[in-house]
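Undergrad: The structure that follows is given in the form of structure tokens.
Coordinate-derived values only; no laboratory data. These figures come from a predicted structure and were not determined experimentally. We place every Cβ from the backbone using ideal geometry, glycine too, and count neighbours over all the protein chains shown.
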């Protein structure tokens, strides 16, 4: 097990003081902080072997290509993929999900076919289906969670029919913290309709717990670098190789080409046919370093640490009067995120008062407006945790909330 | 920070001119959906002057207390004067500046009021 206080020392941002006070960062669900080794890895590319990949036959280009592809191998291993060729680098989770929508769904889901989307999805896994569905005539069915923030698997008996072509689901809610039992869900979906594919938005689980895409049995899995200690600008889409090979690219351009004639083009194989244009080379190399860092901590330990922090936060936040927490109330079932409201103060006012002590939380609907509408709440405040979150950070949060209590009493 | 000064909280907890007019000359409702702020402004106009005003809605302390303070300020003001009010006026009324993310909370009520005025005095 690691010590979060020591982990903090690896993150240069914690040496910064604002108004003489340190930063208490409780918004890792939005984006994570970056350890020095990730910054060094990217800087090394920009200072020692800056070159484009896949073309130069000179040393530094070969080095850049090797480093870039090494990250693909690391990511593949990190999520239990059978082959690095199943890893596509995109810009972010949204782009990964759009890639599935445009390159697979548009050709394979026809007018009148159904898709199932849960109500707890982030907009990135809701809006592409809703918008594309308007053009294609898809029927979108919504799978709703109960008041405790849990999905009932028996609902699938009704939701998954012969005409359901895709279930797209988050593995962990960015608001409720609910960890969905993906393996069980995939098994059930496939038993009801073996032809229905399952796409998993793992943006909130890849950074926080061990994941194994093969064990899940899913068809596509998407996540982002910036939420798992890596830089912004890089996302990942994993897909079963045969599936990726059957799909047409959705972005055309450089890097993805085998040959081009005046009237035809031949594309590379997956994953490269989906990586048009010069990618974020430094970013992908940074992600590789982030994966190394997380692997060294051990993903089981990361999860264990967050469970401890969540259990502590759930207990301490009960001290605050008029405070309601959403989602599962048991750390075992909850990712490192607690969304809450206070009877006397609006979420924005809570966030603003906490900011006076550099306590960074988020307020709003957290890109999950359908979920907030379904719960009948305009906005929640949200504190979220990661490898560098300590019990002292939670104490600071609770002190801040007591301050809100006093101001708005 | 001084944005939660006594006066703002006082307006938040005891909003002035809160409620509805029986027969408003104009009524406009606008929200800031992502924040969950919502303001409804109802006005009565007599001889190009704001004779009476009520607001309702829900949201953060900044959005609601600004609306309350604004209704006190504009009662009796000419429509053309209301149309000229700007962000600077709101900040001086609040006696503080705000961070960019909170500015929209503070400006919502003025925006809604000016839309209501524009209905009568385009």
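Undergrad: Let me know the shape class of chain A, please: from the alpha-carbon gyration tensor, a ≥ b ≥ c as square roots of the eigenvalues, rounded when a/c is under 1.5, otherwise prolate if a/b is greater than b/c, or oblate.
TA: Oblate, because a/c is 1.5 or more while a/b does not exceed b/c.
Undergrad: Order by neighbour count: B:105, B:60, A:367, fewest other Cβ atoms within 10 Å first, most last.
TA: In order of increasing Cβ crowding within 10 Å: A:367, B:105, B:60.
Undergrad: Just grab the label-to-label distance for residue B:47 and residue A:245, each label 7 Å out from Cα along the Cβ direction, in nm (one decimal).
TA: For residue B:47 paired with residue A:245, the spin-label model returns 8.6 nm.
Undergrad: Can you tell me which of A:188, A:17, A:34 moves the most in a GNM of chain A? Springs connect C-alpha atoms under 10 Å apart.
TA: Of the options given, A:17 has the highest mean-square fluctuation.
Undergrad: Counting only helical runs of four or more DSSP H residues, what would the 222 nm mean residue ellipticity of the protein assembly as shown come to if each run contributes -39,500 (n - 2.57) and the total is spread over all its residues?
TA: Details: 19 runs with 206 residues, N = 531.
That calculation yields -11500 deg cm²/dmol at 222 nm.
Undergrad: If each of residue A:85 and residue A:148 carries a label point 7 Å out from its Cα toward its Cβ, how far apart are those two points in nm?
TA: 4.5
Undergrad: Just for the protein assembly as shown, what percent of DSSP beta bridges are antiparallel, to the closest 5?
TA: Rounded to the nearest five, the antiparallel share is 65 percent.
Undergrad: For the pair residue A:70 and residue A:257, what calculated FRET efficiency results from E = 1/(1 + (r/R0)^6), where r is the Cβ-Cβ distance and R0 = 25 Å, to the nearest 0.05?
TA: Given R0 = 25 Å and the Cβ-Cβ separation, E is 0.60.
Undergrad: Apply the a/c threshold of 1.5 to the C-alpha gyration tensor of chain B and tell me whether it is rounded, prolate or oblate.
TA: Prolate, because a/c is 1.5 or more and a/b exceeds b/c.
Undergrad: So how far, in whole Å, is the C-alpha centre of the stretch B:1-66 from the one of the stretch A:48-112?
TA: Each part reduced to its Cα centre gives a spacing of 51 Å.
Undergrad: Cut-off 10 angstrom, C-alpha nodes, Gaussian network model of chain A. Which of A:189, A:236, A:284 fluctuates the most?
TA: Among A:189, A:236, A:284, the largest GNM mean-square fluctuation belongs to A:189.
Undergrad: In addition: Which of A:238, A:129 has the fewest other C-beta atoms within 10 Å, and how do the rest follow up to the most?
TA: Ascending number of Cβ neighbours within 10 Å: A:129, A:238.
Undergrad: When a/c is below 1.5 the answer is rounded, else prolate if a/b is larger than b/c, else oblate, so apply that to the stretch A:18-117 with a ≥ b ≥ c taken from the square roots of the Cα gyration tensor eigenvalues. List each step's numbers first, then the result.
TA: Working: a/c = 2.57, a/b = 1.21, b/c = 2.12.
Note, shape of the stretch A:18-117 comes out oblate.
Undergrad: Select from A:70, A:259, A:308 the residue whose mean-square fluctuation is largest in a Gaussian network model of chain A (Cα-Cα springs shorter than 10 Å).
TA: A:259
Undergrad: Which percentage, to the nearest 5, of the DSSP beta bridges contained in the stretch A:70-192 is antiparallel? Intermediate values should be presented prior to the final figure.
TA: On the way: 1 of 10 bridges.
Close to 10 percent.
Undergrad: Right, another one. Using a basic spin-label model with each label point 7 Å from the Cα along Cα→Cβ, how many nm lie between residue A:47 and residue A:13?
TA: The answer from the label model is 2.2 nm.
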